Structures are given as structure tokens and as C-alpha cells.
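The values are calculated or read from the model by the stated rules, or taken from the named source; none is laboratory data. All values reported here derive from a predicted model rather than from experimental measurement. Note that we place each Cβ from the backbone using ideal geometry, even for glycine, and neighbour counts take in every protein chain shown.
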């Protein structure tokens with residue numbers, strides 16, 4: 001049971017790190033400063049577990065996700081008809097944004113409402 005609690009505490013950072021790595025690989029730009037900074041920040045957060053950095057990263061990701069909802073709607077409006085490509089964009093984009101919002105919410109819960117931050121290695 002204790003391992004499950006530790007896993008649920010550490011899971012958001014690792015999932016977001018995987019998400020950023022996927023973004024970096026799919027952007028087809030090896031020197032992507034945004035992806036490099038996000039990877040470095042999330043990696044350091046996984047090691048040091050700072051409450052302030054955790055809340056900041058989660059808040060920034062929520063704001064960026066809300067901005068990307070507007071970008072998704074804008075892209076969907078450019079389609080002349082709601083064809084298969086528009087449906088694919090809607091489903092993949094919505095799934096990606098909702099999962100990022102949920103994971104960021106988990107981070108806010110972990111760093112704001114919990115009194116003690118569990119350590120990975122005792």
C-alpha cells in the first residue's frame with residue numbers, strides 16, 4: 001500500500017516527462033529550447049521535489065493547456081468540413097490536453113494539499 005502511495009505521488013512528473021520527450025521527438029527539431037528546458041525542469045523536479053517548483057510547473061502547464069484548447073478550436077475551424085482528419089485532430093488533441101490537465105491537477109494536489117512529500121528512496 002505504501003508503494004502505491006509513492007507511485008501515485010511520483011507518477012505525474014514521470015508522465016509529463018514522457019509527454020515532453022514525445023513532443024521533442026515529434027517536433028523534428030533536435031535543438032528545441034522549450035523541450036530542453038521542460039525536460040531539464042521536470043528531471044530536476046523528479047530528483048529534488050521542491051514544492052514551489054512543482055506548483056509552478058503544474059500551473060504553467062495548466063495555463064499552456066488552456067491556451068492550446070484555443071489553438072485546437074482555431075485549427076478545427078480551418079477545416080471546410082468535419083472530415084476524418086478533423087475528427088482525428090479533435091480526438092487526439094482533446095485526449096492529449098485533457099490528460100495534461102488531469103496530470104497537472106494531480107501535481108497541484110500533491111504539492112499543495114499534502115503536508116509531507118514522500119521520498120522515493122528511504
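A few comments on the model shown:
Listed here are the residues, each with its yes/no results for (1) in contact (Cβ under 8 Å) with a residue 40 or more places away in the chain; (2) in a helix (DSSP H, G or I); (3) touching a helix residue (DSSP H, G or I) at 6+ places or on another chain (Cβ under 9 Å).
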{"residue": "4", "(1), (2), (3)": "no, yes, no"}
{"residue": "13", "(1), (2), (3)": "yes, yes, yes"}
{"residue": "20", "(1), (2), (3)": "no, yes, yes"}
{"residue": "31", "(1), (2), (3)": "no, no, no"}
{"residue": "35", "(1), (2), (3)": "no, yes, yes"}
{"residue": "43", "(1), (2), (3)": "no, yes, yes"}
{"residue": "47", "(1), (2), (3)": "no, yes, no"}
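Residue-by-condition table, conditions (1) surrounded by fewer than 11 Cβ atoms within 10 Å (Cβ to Cβ); (2) within 16 Å of residue 8 (Cα to Cα):
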position	(1), (2)
58	no, yes
61	no, no
70	yes, no
75	no, no
79	no, no
83	yes, no
97	no, no
106	no, yes
116	yes, yes
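- Among all positions in the range 6-27, there is at least one residue which is farther than 25 Å from residue 110 by Cβ and at pLDDT 85 or above.
- Residue within the range 74-84 that is modelled with pLDDT of 90 or more and under 18 Å from the mean Cα position of the chain (by Cα) present: no
- From the options 63, 88, residue that is more than 13 Å from the chain's Cα centre (by Cα), farther than 23 Å from residue 115 by Cα, in a helix (DSSP H, G or I) and free of Cβ contacts under 8 Å to residues at least 40 places away in the same chain: 88
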